[in-house]
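The structure appears right after this line, and notes come after that.
None of the figures in this text is laboratory data; all of them are computed from the coordinates on show. Just so it is clear, the model here is predicted, and its values are computed rather than measured. Neighbour counts are summed over all protein chains in view; Cβ atoms, including those assigned to glycine, are modelled from backbone coordinates with ideal geometry.
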Protein chains: 2
Amino acid sequence: MNTSQENYLKAIYSLSEKSDSEFINTSSIAHKLNMKPASVTEMLKKLEVKKLVEYKKYKGAKLSEKGSQAALNIIRKHRLWEVFLLKKLHFKWDEVHEIAEQLEHIQSKELTDRLDDFLENPRFDPHGDPIPDKHGIITDNRNTSLLSEMGVKQSGTMTGVQDSSSIFLKYLERINITLGQKIEVLDKMDFDGSIILVAGEKEVSISAQAAQNIIIRIN
Amino acid sequence: MNTSQENYLKAIYSLSEKSDSEFINTSSIAHKLNMKPASVTEMLKKLEVKKLVEYKKYKGAKLSEKGSQAALNIIRKHRLWEVFLLKKLHFKWDEVHEIAEQLEHIQSKELTDRLDDFLENPRFDPHGDPIPDKHGIITDNRNTSLLSEMGVKQSGTMTGVQDSSSIFLKYLERINITLGQKIEVLDKMDFDGSIILVAGEKEVSISAQAAQNIIIRIN
DNA sequence: CTAAATGTTTAGGTGTGACTAAATTAAAGC
DNA sequence: GCTTTAATTTAGTCACACCTAAACATTTAG
């Protein structure tokens, strides 16, 4: 399988996680991959032939078992390389994603498994996302919630983000919300949904939109 | 630049090293890359437009300064990744080449330089080839020779190969000729050019063809 | 020094993955 | 339930990197 098709599988996988409907529609895939819906339709047909997705006209696509395994394998590689870049090469939190986008397409099961061992089988990547094991199994039994869904006086630890863009990560670092940071929700503003919280020592206010992209492990 | 074009530059570079003529002809490039001469001609024109090679009809191509730098950068990445695979992930000597062929195309100067530091700036790769520094400069001032060109009673240390194929490397390991192995030429057979030598304790005989692919640092 | 053999280029074609514009289908509003 | 709007697909192009077959240049041999 090539880079392009792998990116489609990855996109469908990640959209499926958030969506509650079984099939993912053409335009959301197109949006995620910065492509036109017409191009997506074509590709979905090709992936259907390869039995990687189930495709229904005007409904969209759904990953087959084979497609899910392929997607999980790419995600596994992506996250392992992120750990490598951060822990071994000392890249910063917000720099690893882009390079991992390239490294995730390297084909060698042996390489992936040896890298996993070399990194001492990490269970989470630098953004707090769980790393699938060599069988594609994710074990993430942590009690997590989006910051936006927490109630006043609830507290927890920052364990991940849903948006790995450099701008967002830089912003978080700026306001002292980094991986492992303990936080407590002080107040939620009804009028715009923004949240006031304590991060470490400091009191910060965060927009509803940002809060929807921050994952917290509840105490 | 893409993977395909990078492979052309690499091929031209490596053919230039062996060849004494300035321009590398179409068919030798085609042979090296397992492609047809017609495809090579087309690509050389594209590389010419990008000022990566100088191309002369019916003569072939020659790397420009820009093209040489690009080729050296790919070679640098290839060799650094080989060191990583061998030293850190404990791959075997003959397994690293294929994976490095993929890794060498990852685009990130920062990554390459950090990898270089992480590996403690190695000067040679697992096959004994020198690694260009970040400016594309190769410093290889060792007194080396091909095994096939050594005289009787000369001795030295095995420091590299000219053929990185898995079959050849496995064969060398089998007969105890590995990197760093001390050898001494005992005899050269006039009738077929084969060489008898001591490798460590053992006495082995090696064909002329194999000897042409083994690099020895002379004592 | 010419003719044959060899190597190289040109011309035309293929598969892949993208695009735009037009046609079709599905969903939403009245 | 029909009509308007939005989403999706189809049809027709394009760029890219490869191919084959035919035309053309260069080298080699007699």
Selection of trypsin sites (Lys or Arg not before Pro), region A:119-219, meeting DSSP coil and at most 10 other Cβ within 10 Å: A:K153
Cα-based reach from B:K88 at 14 Å (exclusive), listing aspartates and glutamates while leaving out same-chain residues under 8 positions away: A:E110, A:D113, A:D116, A:D117, A:E120, B:D116, B:D117, B:E120, B:D125
Pseudo-label separations to other copies for A:A208 - Cα-to-Cβ vector, 7 Å, nm: 8.4
Length-normalised contact order of region A:3-63 in % [C-alpha pairs under 8 Å, at least 6 apart]: 35 percent
Listed residue pairs exceeding 20 Å between alpha carbons, taken from B:K10/B:K36; B:K10/B:K134; A:K77/A:K170; B:K92/B:K202; B:K32/B:K188: A:K77/A:K170; B:K92/B:K202; B:K32/B:K188
Percent of alpha-carbon pairs separated by more than 19 Å within region A:144-218: 21 percent
Most mobile of B:D129, B:D113, B:D190 in a GNM of chain B (Cα contacts under 10 Å): B:D190
Over chain B, relative contact order from alpha-carbon pairs under 8 Å, at least 6 apart, %: 15 percent
Top positive-direction residue, dipole computed over the protein assembly as shown with Cβ charges, set B:V40, B:A211, A:T139: B:V40
Cut-off of 10 Å, at most 15 other beta carbons, DSSP loop: longest stretch of chain B lacking such GluC sites (Glu not before Pro): B:23-119
Average projected area [Cα convex hull, chain B], square nanometres: 13.1 nm²
Rel. contact order, % - alpha carbon contacts under 8 angstrom, at least six apart, region A:78-194: 26 percent
Neighbour-limited loop hits for chymotrypsin sites (Phe, Trp or Tyr not before Pro), region B:46-137 (at most 13 other Cβ within 10 Å; DSSP other than H, G, I, E, B): B:Y58
Qualifying trypsin sites (Lys or Arg not before Pro) in region A:1-55, DSSP loop, other Cβ atoms within 10 Å at most 11: A:K51
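At 222 nm, what value in deg cm²/dmol follows for chain B if DSSP H runs of at least 4 each add -39500 (n - 2.57) and the sum is divided by all its residues, to the nearest 500? Intermediate results must be reported in sequence, preceding the final value.
Values: 8 runs with 86 residues, N = 219.
Only helices count here, giving -12000 deg cm²/dmol.
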